[in-house]
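*Asks:* The following block contains the structure, expressed as structure tokens.
The values are calculated or read from the model by the stated rules, or taken from the named source; none is laboratory data. These numbers come from a predicted model, not from an experiment. Note that we place each Cβ from the backbone using ideal geometry, even for glycine, and neighbour counts take in every protein chain shown. What goes into the accessible areas is simple: the full protein's heavy atoms, side chains included, and nothing from ligands, DNA or RNA. Shrake-Rupley method; radii C 1.70, N 1.55, O 1.52, S 1.80 Å.
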Amino acid sequence: MTMGFDTSGLLPLSDALQGMLDQLACCCDTEQVPLPHALGRVLAADIASPLSVPPFDNAAMDGYAVRLADLATGTPLIMAGKAFAGQPYQGEWPAGHCVRIMTGAPVPEGTDAVVMQEETRADGDKIAFLVPPIPGQNIRRRGEDIREGASVLSSGTRLTPRELPLLASLGIATMPVRRPLRVAIFSTGDELKPVGTPLAHGDIYDSNRYGVKAMLARLGCECLDLGIIPDDPAQLRAAFQQADREADALITTGGVSVGEADFTKQLLEELGEIGFWKLAIKPGKPFAFGRLPNAWFFGLPGNPVSAMVTFDQLVQPALAKLAGQQFERPLQLQAIASEPLKKAPGRLDFQRGILRLGPDGLEVRSTGSQDSAVFSSLSRANCYIILERERGRVAAGETVTVEPFGGLLL
């Protein structure tokens, strides 16, 4: 694989991300699914509205449908009948009369305005109007929200609870979506042990796989969990080959930092193509990207915070492109550091912080130790504090960039 990067130095995050995205394309076929099963799926085609919304002129308020000419004399009008949502007024509408109407009901033909009931006074079937209405008042016009034939959702949209009611309101019962992306995962390391088993001296529990698996679930991916693979070439080769047969992408944690990459690098060069990078970010300097014959490969660092940050910042947008999903970079804001922050120039730093609204605007503080092995720093956080590559220590009161956690981490 021709990566086009200088791997001898530290590669900027933006260059690494763009280098991956330039090589990736959607690999998921299209299928039709019914609306109740569409949550979290990615649209495979643009959706145009088959009807106008609202489909008819209707009342925006409970009140009375009137013709302005009938109000010119200033005398009360006689109520001719009533209109309800789903039960339009069907009778005659003589001059000098009004129609009692409820919110959502079609307005009778000839209606100039709907006067809200609070601006009227009723005396039996005689209705006095206390405030002169203006033309079109409290009437929702046909197609005011969506015109028939208008584009409402674009291909690549991931369907959330905001889109499903919209599709239902248009009467769309089935829609074309991408099949879920299939992602295989495993952790590497002889020191890793499954949760629930006793630890011997030097052992640690495998935690990264649970974070990666949870994030894949949030992204709507199908996950093939291959467990913990020891530092054994035969078992690693078998895991790589299984992932290549059964998945669109493979994500591993561990085995990509200096001194650890020999087995992984050797196998991937044998089976496919691979690039190992040293990224100019903290945490998460070691990262690997490459290709097996049928699946893409993403190698995350072994330190737990590094694994989560590199997944969030690099792997998430890459998987979105493979899945055919439109991906927007997260919102970044400016906030005041409420305490000093340690930082050495050289790498873009994703410190973990707690963002809150203070008396003078947004303010942020650190969650404590920023060591990449201290996962509690991430579990307590609600944002990244993003400190520029060449920036040094931050004094209390300085402005910093923050990125609130999105749906992947919340």
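*Asks:* Say we look at the range 355-392 and pick out the residues that are among the β-branched types (V, I, T) and part of a loop (DSSP other than H, G, I, E, B); which of these is farthest from P404 (Cα to Cα)?
*Replies:* V374
*Asks:* Do we find that A214 is at pLDDT 95 or above, open to solvent by 50 Å² or more (accessible area, probe 1.4 Å) and not in a loop (DSSP other than H, G, I, E, B) in this structure?
*Replies:* Yes.
*Asks:* Among the residues of the range 317-340, is there at least one that is buried (at least 23 other Cβ atoms within 10 Å of the Cβ) and touching a helix residue (DSSP H, G or I) at 6+ places or on another chain (Cβ under 6 Å)?
*Replies:* no
*Asks:* Moving to a separate point now. Scan the range 218-254 for residues that are polar (S, T, N, Q), over 11 Å from V183 (Cα atoms) and open to solvent by less than 50 Å² (accessible area, probe 1.4 Å) and jot them down.
*Replies:* The answer is T253, and nothing else.
*Asks:* Follow-up question, since we're still on this one. Quick check, is I47 open to solvent by less than 40 Å² (accessible area, probe 1.4 Å) and of a type in the set (A, V, I, L, M, F, W, C)?
*Replies:* In short, yes.
*Asks:* Looking only at residues in the range 83-119 that are β-branched (V, I, T) and under 42 Å from the mean Cα position of the chain (by Cα), which one is farthest from V53 (Cα to Cα)?
*Replies:* Step by step, filter the range 83-119, then rank; the result is V115.
*Asks:* Still on this structure, I have one more. Of (1) in contact with a Lys or Arg (Cβ under 9 Å, 6 or more places away or on another chain); (2) open to solvent by 20 Å² or more (accessible area, probe 1.4 Å), L11 satisfies all except one. Which?
*Replies:* Condition (2) is where L11 drops out.
*Asks:* Go through the range 61-78 and report how many residues are open to solvent by 30 Å² or more (accessible area, probe 1.4 Å), aliphatic (A, V, I, L, M) and either assigned to a strand (DSSP E or B) or closer than 10 Å to A105 by Cα (or both).
*Replies:* Of the residues in that region, 2 qualify.
*Asks:* Return the residue satisfying two criteria in turn: it lies in the range 197-211 and is of a type in the set (S, T, N, Q) and either within 12 Å of C223 (Cβ to Cβ) or in a loop (DSSP other than H, G, I, E, B) (or both), and of such residues it is farthest from the chain's Cα centre (by Cα).
*Replies:* Of everything passing the filter in the range 197-211, T197 is farthest from the chain's Cα centre (by Cα).
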